[in-house]
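This report refers to the structure that appears directly beneath it.
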Amino acid sequence: MTAEEEAAGLAALSVCESLVIAMVEKGLFTAEEARGVLEDAAAAHQRQEVPPPGSRHQMAVRIIERLALQVDAAGQYSRG
């Protein structure tokens, strides 16, 4: 993967993260609804292969799980 492709992936991740958190903070989604979307995304990666540890799909699952934790925090922030 080229440096430009890696930067594009990081940029896309940052934009998606910001959008999901903003949607929770604005009340467009509850934290639980956003978590459901993220769980579906993670499940799609888990079904892609019998993942050896460290595979791209397993790394994607870990990134999505970290985003879910941030969404939970944003949901708690928006409630009080």
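The values are calculated or read from the model by the stated rules, or taken from the named source; none is laboratory data. Small disclaimer: the values here were computed from a predicted structure and weren't measured. Heads up, the Cβs are rebuilt from the backbone with ideal geometry, glycines too, and the neighbour counts pull from every protein chain shown.
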The stretch 1-50, residues that are exposed (fewer than 15 other Cβ atoms within 10 Å of the Cβ) and acidic (Asp, Glu)
Glu4, Glu5, Glu6, Glu32, Glu33, Glu39, Asp40, Glu49
Helices (runs of 4 or more DSSP H) (entirely within the chain) containing at least 1 residues that are at pLDDT 90 or above and either in contact with a Phe, Trp or Tyr (Cβ under 9 Å, 6 or more places away or on another chain) or at positive phi (or both)
3-25, 31-46
Taking the stretch 1-39 as the region of interest, how many residues are within 18 Å of Arg62 (Cα to Cα), of a type in the set (Val, Ile, Thr) and in contact (Cβ under 8 Å) with a residue 24 or more places away in the chain?
2
